[in-house]
Amino acid sequence: MTAELGPPRVEDLGGGLYAYIQPDGSWMINNTGFLVGANGVVAVDSTSTERRTRAFVDSVAALGRGPIHTLVNTHSHPDHTAGNGWFPGATIVAHERTRAELVGPRPPMPAGIFEPYEPGELASAPPFLTYTEGITLWVDDLRCEVRHVGTPAHTTNDSIVWVPERSVLYAGDLLFQGGTPFLLSGSVAGAVEVLESVIAPLGAQTIVPGHGPVCGPELIAPTVAYLRFVQDVARRGVEAGLSPLEAARETDLGGYAAWSETERIVGNLHRAYAEVRDDPTGGEPGAPVDVPGAFRDMVAYNGGRPLTCRA
């Protein structure tokens, strides 16, 4: 029997900053956040389903501090953007590549990849205010820096929301707390670069990861260590002539086996293989790879069972 998930919770980070945490942080169950000012609310990401996004909006409304007038998307994945249409009247802000990913054609996901879930009514609502490097949002007199991280990492279009005066970072899916990082649509090498050269130097004391509990900077080092582990497995796998799935099956995850969604090792290896091969196209950060094929391999690694999705 599958244990019941706990209800989403609002965590007060102080000074009008909040995290909205959705247990258990697994596939399609993301975190969001919001920043409250005198004239309304800035939200950071929506969620994967109508039910979950409406619950988030209702939680914000329960504070009685005005409408959500701005929604920032940290990247284009559906667990962070599918509910955009449930923020009527909000200005939806994101990197220009996030918009391009949401309005452009995408290959259909093969059937049977995820356990079935009920998305509800989800009207398309891509960002319509975009930037290339970043913008500054002001919540009353509080400066909030929305920054593109500069290179593909979790995706090709990741942004962060950094509140320097409060040392609070909304990291999107650059960080997972308790779950396995996922780089299939971004870059393993790029994620290492971003975490070491962009995220760590901020010195954030409070981090809202894309999935899992609120944490601090102690999450950065083990995430980088996992990514370097993936790179090492990929190099050895390529040298041995193994496929990403074969290499994953032969790999002892060690302590990383305690993280949820261990099947992501396969998707991460698909990405890392492209980066370590002597291939000027596949090695480019964020270059297209066979995403449906990688997901089929993750299902195979999972014993042929669809990936757990409790959205």
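Of all residues in the range 107-121, none that is more than 21 Å from residue 185 (Cβ to Cβ) has its Cβ atom under 7 Å from the Cβ atom of a residue that is exposed (fewer than 15 other Cβ atoms within 10 Å of the Cβ) and of a type in the set (Phe, Trp, Tyr), 6 or more apart or on another chain. Residue count for the range 62-102, restricted to those that are open to solvent by 70 Å² or more (accessible area, probe 1.4 Å) and within 16 Å of residue 155 (Cα to Cα): 3.
So which of 261, 284, 196, 250 ends up being farther than 22 Å from residue 152 by Cα and of a type in the set (Asp, Glu)? Lay out the reasoning, then the answer.
On the way: 261 fails: farther than 22 Å from residue 152 by Cα; 284 fails: farther than 22 Å from residue 152 by Cα; 196 fails: farther than 22 Å from residue 152 by Cα.
Going through 261, 284, 196, 250 in turn, the sole match is 250.
Taken as a whole, the structure leaves residue 165 outside the set of residues that are touching a Phe, Trp or Tyr at 6+ places or on another chain (Cβ under 8 Å), of a type in the set (D, E, K, R) and surrounded by fewer than 24 Cβ atoms within 10 Å (Cβ to Cβ).
Just the residues that are open to solvent by 10 Å² or more (accessible area, probe 1.4 Å) and in contact with a strand residue (DSSP E or B) (Cβ under 6 Å, 6 or more places away or on another chain), please, taken from the range 144-162.
Across the range 144-162, the qualifying residues are 145, 147, 148, 162.
Residues in the range 22-60 that are touching a Leu at 6+ places or on another chain (Cβ under 8 Å) and of a type in the set (A, V, I, L, M) were compared, and the one that is surrounded by the fewest Cβ atoms within 10 Å (Cβ to Cβ) is 36.
For the range 255-270, which positions are of a type in the set (Val, Ile, Thr), in a helix (DSSP H, G or I) and either in contact with a Ser or Thr (Cβ under 8 Å, 6 or more places away or on another chain) or over 17 Å from residue 185 (Cα atoms) (or both)? Result: 265, single match. Put simply, of 232, 252 the only residue that is over 19 Å from residue 176 (Cα atoms), open to solvent by 10 Å² or more (accessible area, probe 1.4 Å) and either part of a helix (DSSP H, G or I) or in contact with a helix residue (DSSP H, G or I) (Cβ under 9 Å, 6 or more places away or on another chain) (or both) is 232.
The values are calculated or read from the model by the stated rules, or taken from the named source; none is laboratory data. Quick caveat, the model's predicted, so the values are computed rather than measured. A quick note on method: Cβ atoms are made from the backbone with ideal geometry, for glycine too, and the neighbour counts reach across all protein chains shown. Keep in mind that these areas ignore ligands, DNA and RNA; they rest on the heavy atoms of the full protein, side chains included. Shrake-Rupley method; radii C 1.70, N 1.55, O 1.52, S 1.80 Å.
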